[in-house]
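Some notes on the structure that comes next.
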Amino acid sequence: MTDAAALPGQPRGGPIGGPATARALCVLAPNPSPMTLDGTNTWIVAEPDAAVAVVIDPGPLDDAHLRNVVATAERLGKRVALTLLTHGHPDHAEGAARFAELTGSPVRALDPALRLGEEGLGAGDVITTGGLELRVVPTPGHTADSLSFHLPADAAVLTGDTVLGRGTTVVAHPDGRLGDYLDSLRALRSLTVDDGVSHVLPGHGPVLADAQGAIDHYLAHRAQRLAQVEAAVRAGHRTAPEVVAHVYADVDRTLWPAAELSVRAQLDYLAQRGAA
Ligand SMILES: [Zn+2]
C-alpha cells in the first residue's frame, strides 16, 4: 500500500520477480494497481540444499498465483512447510487460507485472527525451518500487526509494506501510527548498522540493494511530510482532506484517499507531541 509514485532521488531497485538473494525468490502476484505498484511480492525463502521452504505473504486470493507459488517451490525441489504473513492487508494475506489448503502448511502471523495452526508469531521468534534462520522483527506503523523478517545469511530483510521498493508507504491510521512507524524505521536502520543488512526485499516493488540509503530516504521523507503538514496546520488548514489537498498537491489524486490516512496519522502524532 503506497502513497506516492517514485520519488526524485530515491534509489532505484532491480527487476521484480525471480531470485533476489541466495535464499529468497520472488513470485509476483498479478494484482498491480496504484496501491500495490507492480503487484504483491510473494517470497519463497529456503536454504539452498533444504527440501522445505517458507513462503512469506501468499498474496491475494488468486488460485492461479497460489498454485504458481507451489509449483515454483516444487521446481526448486522444495515443499512449502510454513507460511508467514507480514501483516493482514488482503493483498498480502487474503490467499493464506487457500494456500494453507494447497500446501498443508500452517500460517503464522502476529494477529491471532490470521493464524492457521498452533503457533503464533512475534518479537524474538526465530524461524528455523529446514535450517533457514529468519528472525522476527516487529515493525508496527503501516499497520499495528506489521512484522519484518531478518534473513541474516543473505544480509537481507523482508519488510512487507513497511519499506517498499518504490514510493513510500501509507501509515494506515488509526490502526497504523506514525510514532510506531518512525521507531520501526529506526529499528530496521539499526539492522543495517549492527547486523550488516544490505538488501531490502519489499512487499511491493523491486529489491533495494542499499537498505540503509532506502531507510534514510524514508526517514527524511517522513520528516519532510511532517514539516509540510505542520506548516499546513499553521496556515489554517484544519481537516485531513484540506491538509491532503495542500500537502499532496504533487501526488496523483487516485492516491489521495491513502494519503488522507497518512495525514490523519501525522495530525494525531502532532497532537500527541503537542500534548506531551
Ligand atoms: Zn499493507
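Principal-axis analysis of the Cα atoms of the chain puts helix 256-275 at an angle of about 70° to the longest axis.
Karplus-derived 3J(HN,Hα) values for segment 118-125, using 6.51 cos²θ - 1.76 cosθ + 1.60 with θ = phi - 60°, are 7, 9, x, 7, x, 3, x, 5 Hz; glycine and proline are entered as x.
Note on LEU270/LEU219: beta-carbon distance plugged into 1/(1 + (r/R0)^6) with R0 of 22 Å gives a FRET efficiency of 0.80. Relative to its Kirkwood radius, the Cα radius of gyration of the chain gives an Rg/Rh of 0.98. Taking the Cα of GLU101, stepping 7 Å toward and past its beta carbon, and measuring to each backbone N in segment 55-74: which are under 18 Å? Those under the cut-off are 58-71. Oblate is the label for segment 117-159, because the ratio a/c of its alpha-carbon gyration tensor axes (a ≥ b ≥ c) is 1.5 or higher and a/b is not greater than b/c.
Under 18 Å from a point placed 7 Å out from the Cα of LEU76 along the Cα-to-Cβ direction: which residues of segment 138-180 have their backbone N that close? Answer for segment 138-180: 149-160. Amide H to amide H distances under 5 Å link LEU76 with no residue, where only residues 5 or more positions off or on other chains count and H is placed in the peptide plane.
Quick one: compute the contact order of segment 2-211, relative version, from alpha carbon pairs under 8 angstrom and 6+ residues apart, as a percent.
20 percent
Helical content alone sets the calculated 222 nm signal of the chain at -11000 deg cm²/dmol, taking -39,500 (n - 2.57) per DSSP H segment of four or more residues and averaging over every residue. The spread of Cα positions in segment 103-197, taken along each principal axis and listed from longest to shortest, comes to 35, 33, 23 Å.
Our note on the geometry: Cα centres of segment 241-274 and segment 50-73, 35 Å apart.
Take every Cα pair under 8 Å in segment 199-257 that's 6+ residues apart, average their separations, divide by the length, and report that relative contact order as a whole percent.
18 percent
Placing unit charges on the Cβ atoms only, positive for Lys and Arg and negative for Asp and Glu, gives the chain a dipole magnitude near 380 debye about its Cα centre. Remark: segment 143-151, residue by residue, has Karplus-estimated 3J(HN,Hα) of 9, 5, 9, 6, 10, 10, 10, 8, 10 Hz, where x stands for each Gly or Pro and the curve is 6.51 cos²θ - 1.76 cosθ + 1.60 at θ = phi - 60°. Think of each Lys and Arg Cβ as +1 and each Asp and Glu Cβ as -1; about the Cα centre, that makes the dipole of segment 120-175 roughly 120 debye. Relative contact order of segment 70-194: 18 percent, from C-alpha pairs under 8 Å at least 6 residues apart in sequence. Karplus-derived 3J(HN,Hα) values for segment 221-226, using 6.51 cos²θ - 1.76 cosθ + 1.60 with θ = phi - 60°, are 4, 4, 5, 5, 4, 5 Hz; glycine and proline are entered as x.
We did not get these values from a lab; they are worked out from the coordinates using the rules stated. None of these values were measured; they are calculated from a predicted model. Cβ: placed from backbone, ideal geometry, glycine included. Neighbour counts: every protein chain shown.
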